[in-house]
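Since the structure comes first, as C-alpha cells, the remarks are kept for the end.
The values are calculated or read from the model by the stated rules, or taken from the named source; none is laboratory data. Because the structure is a prediction, the values reported are computed rather than measured. When we count neighbours, we look across all protein chains shown, and the Cβ atoms used for this are built from the backbone with ideal geometry, even at glycine.
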Number of protein chains: 2
Amino acid sequence: SPIEGISSVVVHPLVMLSVTDHYKRVAMNTKKRVVGMLLGHSHKGRVDVVNSFAVPFAEDPTDPKVWFLDHFYLDKMYKMFRKVAIKEKLIGFYSTGPDVKAADIGIDELLRSKGVAHPVFVVIDVRPHVEGMPVQTYATREVMTDARVVERQFEHLPNEIGASETEEVAVEHLLREVNDPSVSELGAALSAK
Amino acid sequence: SPIEGISSVVVHPLVMLSVTDHYKRVAMNTKKRVVGMLLGHSHKGRVDVVNSFAVPFAEDPTDPKVWFLDHFYLDKMYKMFRKVAIKEKLIGFYSTGPDVKAADIGIDELLRSKGVAHPVFVVIDVRPHVEGMPVQTYATREVMTDARVVERQFEHLPNEIGASETEEVAVEHLLREVNDPSVSELGAALSAK
C-alpha cells in the first residue's frame, strides 16, 4: 500500500537544475552531499515538487549521528519564499546522496515537528560521471523492530520527472540554445575580444 | 564601445527556468510582468548570470512612474543567498518584459545605490505563445539629452544562453525524461488510481 497515501512524486525541471547548481557550488569534487528543502503541493496522492532551496548542512563523515542543519535559516527562507509563492508549501527535503544516511531520519523528524505531515525525501545523484541523474524518492513509515521498538524507516515511492507545458517549452528551448554551435562560436568570439 | 566594459552576458539554464516559474506563479494570463534579482559573477567583460530570486514588485499600468519594489525583501534574500552561495554576487535584475519600462531606470538606480557597479538588465519573454523565449540584455549609459540634462538610458548588450558541462548534462537529461512517453504513461496510470 502507498506510504501515507502518496502514489507518486513528480519532480519538476527547476528542482533538478537547482539541486545540480547547489551541488556544483558546494560539493563538486568532494565526497560531501548537499541538502535542501522542497516546495510544492499534493493532490489525490500525487506530490508535485516545483521549487527548492539550499540549507546550510554539515555531517561528520566518521560519525553518522553527528550532523547539523540550520533550522533558523530554514524557517526564515521558507517565510521569504512564501511571500512570492503563496501556493508552494514545504513538502519535504532533498539530498544529492547517493545513499540514504542516518541524518535523513532526523531531518524527516525535524520537518514533522515543523508541521509537514508526510515529508517526501528526494535523492538526486547529480555527480557528473554518473549517467542519467538517477532520482530516488522516499517517505518514512513506522515499523516495529525486533526489539519491539517502533521506529521510522524510509521506503521507496514511485517518481517521475514532470513538466507543465510551459516548463517543457523552456527546457526544449534551453537545449536548442545550449547545443547551438553558432551560439558557442559567438561566445568564443566575444570572449576573444 | 561596450557599455561599462561588458562584452557579453551569459544567462545560465537555471535562471531561464526560475524566471519561467516566477512568471507562471504570478503573471500567467495577465498583462503583468515579474521582476527579480540576478546573481553571478563577471570576469574580463563576460558576465555570467547563474542564479536569481523573485522580489515583490508592482507597477501602475496607467502611470509608469508609480511602482513598488520591496527593498527590505531584496536585502534580506540576498543576505540569505550569500550564506549558501558565497561566490554569487548581486549583478543585476530581470523582468519578463517584453518591453523596457520607466520603472527599470529606477531599479537600475536602486541597484547602483546598493553598490552594484554596473547592473545588467535581462528581459526574458517567457509568455507561452511567444516562440523561443527571446532574451534581451541591457546596461545603462549616461547620455546628454536635448535639454542638456545628463540621464541614464538602456543600451543593448550581446547575450547568449550558456551552460557548464554539468548544466548541459542536466538539461539534456531533463528533455529526455520529460519527452519519454513511458514516463507520461506511468504518470497517467498513477493519477488514474
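So which residues in region A:104-129 are under 15 Å from the mean Cα position of the chain (by Cα) and either closer than 23 Å to A:T20 by Cβ or basic (K, R) (or both)? A:D104, A:I107, A:L111, A:P119, A:V120, A:F121, A:V122, A:V123, A:I124, A:D125, A:V126, A:R127 - these are the residues of region A:104-129 that are under 15 Å from the mean Cα position of the chain (by Cα) and either closer than 23 Å to A:T20 by Cβ or basic (K, R) (or both). Just one of the numbered conditions (1) free of Cβ contacts under 8 Å to residues at least 40 places away in the same chain; (2) more than 14 Å from the chain's Cα centre (by Cα); (3) in a strand (DSSP E or B) is not true of B:F53: (2).
Taken as a whole, the structure places A:V126 among residues that are surrounded by 22 or more Cβ atoms within 10 Å (Cβ to Cβ) and in a loop (DSSP other than H, G, I, E, B). Per the conditions (1) within 30 Å of B:F72 (Cβ to Cβ); (2) within 12 Å of another protein chain (Cβ to nearest Cβ); (3) surrounded by fewer than 18 Cβ atoms within 10 Å (Cβ to Cβ), the sole criterion not satisfied by A:G45 is (1).
Per-residue answers, yes or no, for (1) modelled with pLDDT under 95; (2) more than 23 Å from A:L174 (Cα to Cα):
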site	(1), (2)
B:G5	yes, yes
B:K24	yes, no
B:V49	no, no
B:F93	no, no
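Applying the condition of being of a type in the set (V, I, T) and part of a loop (DSSP other than H, G, I, E, B) to region B:75-103 and asking which residue is farthest from A:H71 (Cα to Cα) yields B:V100. Restricting attention to region A:74-95 and to residues that are among the β-branched types (V, I, T) and more than 8 Å from chain B (Cβ to nearest Cβ), the residue that is nearest to A:R112 (Cα to Cα) turns out to be A:I91. Checked against the criterion of being under 22 Å from A:N51 (Cβ atoms) and in a helix (DSSP H, G or I), region B:7-14 has at least one qualifying residue. Selection of region A:123-161 for residues being of a type in the set (V, I, T) and more than 14 Å from chain B (Cβ to nearest Cβ) yields A:V123, A:T140, A:V143, A:T145, A:V149, A:V150. Among the residues of region A:4-35, the one identified as facing chain B (nearest Cβ under 7 Å), free of Cβ contacts under 8 Å to residues at least 40 places away in the same chain and touching a Pro at 6+ places or on another chain (Cβ under 8 Å) is A:L17. Hey, can you tell me all the residues within region A:150-172 that are part of a helix (DSSP H, G or I) and either hydroxyl-bearing (S, T, Y) or crowded, with 21+ Cβ neighbours inside 10 Å (or both)? Scanning region A:150-172 gives A:T166, A:A170, A:V171.
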